[in-house]
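Everything on this sheet refers to the single structure shown next.
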Amino acid sequence: MLGEYRIVGRRAAEIAASVERGVGSGDLEPGQLLSPMRELALDLGVNPNTVAAAYRTLRERGVIETAGRRGSRIRPRPASTARGSIRVDAPPGVRNLGEGNPDTALLPPLHDAFAAAARHNAESPGLYGQSPLDPAFARLAREAMDADGVPHGPLAATSGSLDAIERVLAAHLKPGDAVAVEDPGWGSVLDLVPALGLRALPVALDDDGPLPGEVERALAAGARAIVVTDRAQNPTGAVVGRERAGRLRDVLARFPGTLLIEDDHGHAIVDQPLHPLAGVSDHWAFVRSTAKAYGPDLRVAVLTGDAVTVDRVLGRQSLGPGWVSRLLQRAVAELWASGAVDPIAVARAYADRRDALVDALARRGVPAHGRSGMNVWVPVPDETGAVARLLHAGWAVAPGARFRISAPPAVRLTVSALTEADIEPLAAAVASAVGPMPVRSHG
């Protein structure tokens, strides 16, 4: 059953750690059946309750799944095997379009903002017991959200969007609860959900975002939370427009107990207006990060939501990191206040590359998706073959498996590094690698 790998340990924590080591080393493969609890307890010379506790820990960590009488097995994609590992390394001479990074030429210089933050800190040093929010950061963040119609709520600073999403899910859900997630969607969220011991229910989408019928199906099936990307959806570039937002709010109104999490990581790199969904469910959270427009290494996002949700996030945060550095918050506030990023110009730069690639592919009979943001999503009949052929042609792209649960195969191309001269050669290489396909929804 377990091949050559032998699970060891006398305590539940040791047994669980042994299984995780096997998964991490590849000795225990996805889908592999584990020994029944009583059988493993007899082999290890421990009480069956000890093995039961170990298996419970592994389920909560997203490493294994249990199907009643059919036993426990390693998850098809264990939480300890992150989707980020499904990647293609670009050897010398190969252009890398698979990392998902912004164009560094469009990121603002940071030295003036950090110098201003340092001067402010010299005048008013950050100390224990102060508010976790820098006043200027909070004021400017709230003003921007008000302008976009985000419902009013208390604020918190987090270390990026994923940190906020994790904290909000942990504040309301318990292991075993189901979460509706976009499919295809952000691979880190698809990893995070099972890592928290939660179950992911995939929701198909089109260029206008999650399909209302799919959302209703997931919520009716018991999903206690849903994560929605408002704009620049990763990997498809979908945008939730006014009409789709209205239909999604109607669905959420029929399930008011649903925890709604909205991710607006595309703020300041897209030119499509925001149509927030918050306001119809009892608990909600809206997170806006600085990564794509100002720099991934800033690690700062702003979170708002209902009072209970934000209070729980702040309370748990105070027992861990305490707060996100107010020096970083002040530097971000300086960037916002100075107009260091021109959102219209940045959005246009990404749109020009994205639209040119989508159009060039369409002329070659290859449908692609990319309404906003920095990525283009290309459905393919054979994902592995397409990735390999593109690599041979000099282009490294992201395999769609990093972003899919049950959605059809595809590849993701990030346009950040593309020049006008790259578009036609790249489109020709993609068309050669995937061949013409009938137009279909990526949902």
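We did not get these values from a lab; they are worked out from the coordinates using the rules stated. These figures come from a predicted structure and were not determined experimentally. All Cβ positions, glycine included, derive from the backbone under ideal geometry; neighbour counts span all protein chains shown.
Once a ≥ b ≥ c are taken as the square roots of the eigenvalues of the Cα gyration tensor of the range 139-279, is the result rounded (a/c under 1.5), prolate (a/b larger than b/c) or oblate (a/b not larger than b/c)?
rounded
Give me P(r) over the range 12-74, computed from all C-alpha to C-alpha distances, binned every 5 Å, as integer percentages.
4, 20, 31, 28, 15, 2
Report, in debye and to the nearest 20, how large the dipole of the range 172-276 comes out about its Cα centre when Lys and Arg carry +1 and Asp and Glu carry -1 on their Cβ.
Working: 10 positive and 16 negative charges, 90 e Å.
Approximately 440 debye in magnitude.
Please rank Arg11, Arg95, Arg412, fewest neighbouring Cβ atoms within 10 Å first, as an exposure proxy. Display every interim value, and only then the final one.
Values: Arg11 12, Arg95 18, Arg412 25.
With the fewest neighbours first, Arg11, Arg95, Arg412 line up as Arg11, Arg95, Arg412.
Using only Cα atoms, locate the centre of the range 242-278 and the centre of the range 136-168, then give the distance between them in Å, rounded to an integer.
Here the answer is 15 Å between Cα centres.
Any idea what the relative contact order of the chain is, in percent, if you count C-alpha pairs under 8 Å spaced at least 6 apart?
Working: 895 pairs, mean separation 82.8, N = 443.
Relative CO of the chain lands at 19 percent.
Between Ala52 and His172, what is the label-point separation in nm under the 7 Å Cα-to-beta-carbon projection?
3.2 nm
Which listed residue (Asn121, Pro154, Ala141) has the Cα farthest towards the positive end of the charge dipole for the range 115-158, taking +1 on Lys and Arg C-beta and -1 on Asp and Glu C-beta about the Cα centre?
Asn121
Among Ile269, Val215, Leu327, which residue has its Cα positioned farthest towards the positive end of the charge dipole of the range 111-338, with +1 placed on the Cβ of Lys and Arg, -1 on the Cβ of Asp and Glu, and the dipole taken about the Cα centre?
Farthest towards the positive end: Leu327.
Give the relative contact order (percent, whole number) for the range 216-338; include only Cα pairs under 8 Å separated by 6+ residues. Please report the intermediate quantities before stating the final value.
Numbers: 179 pairs, mean separation 24.3, N = 123.
Value for the range 216-338: 20 percent.
Would you work out the relative contact order for the range 12-74, in percent, from Cα pairs under 8 angstrom that are 6 or more residues apart?
Once divided by the residue count of the range 12-74, the mean separation gives 41 percent.
If you work out Rg and Dmax of the Cα atoms in Å from the coordinates, which of (1) 23.2, 77; (2) 21.9, 69; (3) 23.0, 67 do you get?
Computing Rg and Dmax of the Cα atoms in Å and matching it to (1) 23.2, 77; (2) 21.9, 69; (3) 23.0, 67 gives (3).
First check a/c for the range 245-289, with a ≥ b ≥ c the square roots of the eigenvalues of its C-alpha gyration tensor; if it is under 1.5, answer rounded, and if not, answer prolate when a/b is larger than b/c or oblate otherwise. Walk me through the intermediate numbers first.
Values: a/c = 3.97, a/b = 1.77, b/c = 2.24.
In terms of gyration-tensor shape, oblate.
Taking square-rooted eigenvalues a ≥ b ≥ c of the alpha carbon gyration tensor, is the range 112-221 rounded, prolate or oblate, where a/c under 1.5 means rounded and, failing that, a/b exceeding b/c means prolate? Walk me through the numbers before you get to the answer.
Values: a/c = 2.70, a/b = 2.01, b/c = 1.34.
Verdict is prolate for the range 112-221.
For a quick check: sort Val239, Val430, Val46 by the number of other beta carbons within 10 angstrom, fewest at the front.
Sorted ascending by nearby Cβ count, the order is Val46, Val239, Val430.
Working out 0.36 nm times the residue gap between Arg364 and Asp250, then minus their Cα-Cα distance, what length gain in nm do you get to one decimal?
Fully extending the segment from Arg364 to Asp250 adds 37.1 nm.
Residue by residue through the range 38-55, which ³J(HN,Hα) values in whole Hz follow from phi under the Karplus form 6.51 cos²θ - 1.76 cosθ + 1.60 (θ = phi - 60°), with glycine and proline marked x?
5, 5, 5, 4, 5, 5, 8, x, 10, 6, x, 5, 5, 5, 4, 5, 5, 5
Counting other beta carbons within 10 Å of each Cβ, put Met37, Met374 in order, fewest first. Numbers along the way, then the final one.
Values: Met37 19, Met374 29.
Going from least to most buried by this count: Met37, Met374.
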